[in-house]
Amino acid sequence: MIRLNQYLANCGLCSRRKADALIAAGSVTIDGRPAKVGESVDPSRHRVFVSGRRVQQPAGGPQTIVLNKPAGVVTTLRDERGRKSVASLLPSTPRYFPIGRLDAESTGVLLCTTDGDLAHILTHPSFGVEKLYRVRVSGNVTPETKAALQALRVRKNPDSTITFDIVLREGRNRQVRRMCAQRGLRVLDLTRLKFGPVEIGRLEPGKTRALTLTEKNALERLRPAQKRAPVRPTE
């Protein structure tokens with residue numbers, strides 16, 4: 001038996017907290033009856049549905065991949081305005097969902113997973129997972145602006161634009177762009193180079209790759225101590 005909210009997280013639907021909200025809202029059923037917050041299920045015996053759609057845990061356990069999100073792609077699985085979404089760049093199975101967001105014009109590391117618990121850890125401010133961004137701006141980057149943004153590796157380009165790096169530990173909507181705008185800077189390019197221990201490396205825009213063993217173990221170490229389990233190479 002497994003707690004229902006944990007099962008929904010393992011199915012890649014959402015975090016355990018959001019699962020409890022779905023259960024409380026009456027969106028989850030077990031064998032045709034409304035589920036209750038706090039109850040457990042036997043995945044081999046019970047049929048669990050969310051909003052009328054059956055959910056099942058992917059074979060082989062939770063999985064996570066890396067996408068280099070290109071510009072012009074929205075970080076949703078479905079867009080009401082008909083824009084291209086990251087769903088078109090992901091494998092059809094299992095059902096991956098993006099961890100956090102990059103706005104449509106931003107590029108770089110986007111982790112996509114079936115692991116709701118991992119998504120919660122990587123996005124919740126209490127865990128303080130670092131994200132490294134590279135920004136190219138137009139405007140005057142004064143020493144005061146550099147200090148306010150905590151900008152790293154600031155350099156002037158031949159076209160008079162300025163490039164620098166920023167590290168964030170939160171993921172508020174369009175945060176880097178808003179921080180720059182507050183200092184009178186216009187963002188021309190914004191790329192996320194690193195999300196926690198996962199770097200973009202040489203992955204081409206629009207392409208995905210599996211996590212390396214080193215990245216898997218580094219992500220596993222972010223979990224609370226009782227959740228940790230070493231990841232071993234497979235034959």
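The values are calculated or read from the model by the stated rules, or taken from the named source; none is laboratory data. Predicted, not measured: the structure shown is a model, and the values here were computed from it. Glycine gets a Cβ as well: all are built from the backbone with ideal geometry, and neighbour counts include every protein chain shown.
Before moving on, here are some points about what is shown:
- His124 touching a Cys at 6+ places or on another chain (Cβ under 9 Å), within 25 Å of Arg101 (Cα to Cα) and not hydroxyl-bearing (Ser, Thr, Tyr): no
- Of the residues making up region 47-73, those that are touching a helix residue (DSSP H, G or I) at 6+ places or on another chain (Cβ under 9 Å) and in a loop (DSSP other than H, G, I, E, B) are Ser51, Val55, Gln57, Pro58, Gly61, Pro62, Pro70, Val73.
- Summed over region 18-50, residues that are exposed (fewer than 13 other Cβ atoms within 10 Å of the Cβ) and either among the basic types (Lys, Arg) or assigned by TED's automatic domain parsing to the domain that holds Ile99 (or both) total 3.
- Selection within region 18-33 - assigned to a helix (DSSP H, G or I) and over 20 Å from Cys112 (Cβ atoms): Asp20, Ala21, Leu22, Ile23, Ala24
- Filtered residue count, region 169-214, keeping only those that are modelled with pLDDT of 95 or more, over 14 Å from Glu105 (Cα atoms) and acidic (Asp, Glu): 2
- Which listed residue is assigned by TED's automatic domain parsing to the domain that holds Asp165 and either surrounded by 15 or more Cβ atoms within 10 Å (Cβ to Cβ) or part of a loop (DSSP other than H, G, I, E, B) (or both), from Thr93, Thr145, Thr76: Thr145
- Residue selected from region 1-17 under the condition in a helix (DSSP H, G or I) and not aromatic (Phe, Trp, Tyr), by the criterion surrounded by the fewest Cβ atoms within 10 Å (Cβ to Cβ): Arg17
- Test: residue in region 134-145 that is of a type in the set (Val, Ile, Thr), touching a residue at least 60 places away in the same chain (Cβ under 8 Å) and more than 24 Å from Arg95 (Cα to Cα): no
- Yes/no for Asp103 being touching a residue at least 24 places away in the same chain (Cβ under 8 Å), surrounded by fewer than 21 Cβ atoms within 10 Å (Cβ to Cβ) and within 26 Å of Arg177 (Cβ to Cβ): yes
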